[in-house]
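Peer 1: This is the structure I have questions about; it appears just below.
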Amino acid sequence: MFSRKRGGPKHVRPDDAPQSAALAKSMGDGPAPEHGPYDSRHAPDGVQRLDLGSLLIPALEGVEVRVQANPDGGVEQIVLVHGNSALQLGVFAAPRSEGIWNEVRAEIATAMTADGAAPQEFDGPYGVELAARVNTPEGPADVRFVGVDGPRWMVRALFQGLAAADPGQEGVLGECLRGLVVVRDEEARPVREALPLRLPREMAEHAERHATEGEDPTPPNVAANEQFPGPNGRHVH
C-alpha cells in the first residue's frame, strides 16, 4: 500500500554491538517491566499462550488468531481480531546497543505522507505512537502503529478499526499486546530481519493432514489484510 525505500547500511548493521548500561537497564537487564511485550526472561508464569516460535500470544477468550503461512509452515503474518478491531503483529531483530522504533516510525510516517495520508505522532502507553487515516479499496480506514524496543528485538503492532481510531477501545487486543512474550534466539541476525515464526502445533497438523489428503493445506483463519510497510522496507500484507 505504501511505497518504501529499500534498506541502506543502517538496515544491515549487526545486532551484537556492545550494549550501554542505560539501555541494558531499560531493555531487559533491569527489573521486570510492569507489562509487556515481555522478553522471555521476564514472562509471567501461569499464563496460557499460543506458541508461534519467536512470539507467544496470550490465549484470551473471544480473540480470533489469523495467520498466513508459507508452504513450509513458516508464518508470514499474524493478525488478532476481536469485534470491529484488529491487531497485526510483527517482531524483528534489533541491535543490543540501541532501539530502532524511532527510525522505523519516521520512515513509516514518510511513506504514509508520500501516499497522501497525514500521520500524527502522540504519546501513548508504549511511548510515541503513530496514527493516520489511510485510503483502502474499501474506503478510508484508521491505523495506529505502536513500537516496543526490547533486548535485540522490536515488536511492531498495527491497530486497525475501532482500536486504531480510539486507543480506549483496545480492550482485549490491548491485553494481548501487554501480555505478548518475545523469544529471541541467540543467532546473530541483520537488524530489521523478521524473527522466525511458525504455525502452532494444532494448525500445523491441520495443514499437514489436508495436504496428505490432497486438499487445500492452508491453515484455518488466514488473514487477508491490506498491505502496510514493514521495518525491513517491504510491504506487510
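The values are calculated or read from the model by the stated rules, or taken from the named source; none is laboratory data. This one's a predicted model, so the numbers in the text were calculated from it and none came from an experiment. Every residue, glycine as well, gets a Cβ built from its backbone with ideal geometry; the counts of neighbours run over all protein chains shown.
Peer 1: Of the conditions (1) in contact with a strand residue (DSSP E or B) (Cβ under 8 Å, 6 or more places away or on another chain); (2) within 25 Å of residue 58 (Cα to Cα); (3) not in a helix (DSSP H, G or I), residue 149 clears all except one; give me its number.
Peer 2: (1)
Peer 1: Follow-up question, since we're still on this one. Is region 71-81 home to any residue that is touching an Asp or Glu at 6+ places or on another chain (Cβ under 9 Å), modelled with pLDDT under 95 and part of a loop (DSSP other than H, G, I, E, B)?
Peer 2: Yes; the residues of region 71-81 include at least one that is touching an Asp or Glu at 6+ places or on another chain (Cβ under 9 Å), modelled with pLDDT under 95 and part of a loop (DSSP other than H, G, I, E, B).
Peer 1: Restricting attention to region 152-202, which residues are closer than 12 Å to residue 90 by Cα and in a loop (DSSP other than H, G, I, E, B)?
Peer 2: Within region 152-202, 180, 192, 193, 195, 196 meet the criteria.
Peer 1: Conditions first: (1) in contact with a Lys or Arg (Cβ under 8 Å, 6 or more places away or on another chain); (2) within 28 Å of residue 184 (Cα to Cα); (3) of a type in the set (D, E, K, R); (4) modelled with pLDDT of 95 or more. Residue 121 passes all but one, so which condition is the exception?
Peer 2: It fails just one condition, (2).
Peer 1: To continue, here is another question. What number goes with the only condition from (1) modelled with pLDDT of 95 or more; (2) of a type outside the set (Lys, Arg); (3) within 15 Å of residue 182 (Cα to Cα) that residue 45 does not pass?
Peer 2: It fails just one condition, (1).
Peer 1: Kindly indicate whether any position in region 134-146 is assigned to a strand (DSSP E or B), touching a helix residue (DSSP H, G or I) at 6+ places or on another chain (Cβ under 6 Å) and more than 30 Å from residue 190 (Cβ to Cβ).
Peer 2: Yes, there is a match, as at least one residue in region 134-146 is assigned to a strand (DSSP E or B), touching a helix residue (DSSP H, G or I) at 6+ places or on another chain (Cβ under 6 Å) and more than 30 Å from residue 190 (Cβ to Cβ).
Peer 1: Something else now. Quick check on this structure: which one of 168, 179, 174, 161 is modelled with pLDDT under 95 and either among the aromatic types (Phe, Trp, Tyr) or out of contact with any helix residue (DSSP H, G or I) (no Cβ under 6 Å at 6 or more places or on another chain) (or both)?
Peer 2: Sole residue among the options that is modelled with pLDDT under 95 and either among the aromatic types (Phe, Trp, Tyr) or out of contact with any helix residue (DSSP H, G or I) (no Cβ under 6 Å at 6 or more places or on another chain) (or both): 168.
Peer 1: Which pairs have Cβ atoms under 6 Å, sit 6 or more apart or on different chains, and link a residue in region 107-119 that is over 14 Å from residue 145 (Cβ atoms) to one that is polar (S, T, N, Q)?
Peer 2: none
Peer 1: So which residues in region 47-70 are among the small types (Gly, Ala, Ser), buried (at least 20 other Cβ atoms within 10 Å of the Cβ) and in a strand (DSSP E or B)?
Peer 2: Selection gives 69 alone.
Peer 1: Sticking with this structure for a sec: Looking at (1) at pLDDT 95 or above; (2) more than 17 Å from the chain's Cα centre (by Cα); (3) of a type outside the set (Lys, Arg), which one does residue 137 not meet, given that it meets all the others?
Peer 2: (1)
Peer 1: Out of (1) farther than 16 Å from residue 200 by Cβ; (2) within 13 Å of the chain's Cα centre (by Cα), what's the single condition that is false for residue 123?
Peer 2: (2)
Peer 1: Restricting to region 105-120, and then to whatever is assigned to a helix (DSSP H, G or I) and not aliphatic (A, V, I, L, M), can you tell me which residue is surrounded by the most Cβ atoms within 10 Å (Cβ to Cβ)?
Peer 2: Applying the filter and picking the extreme gives 105.
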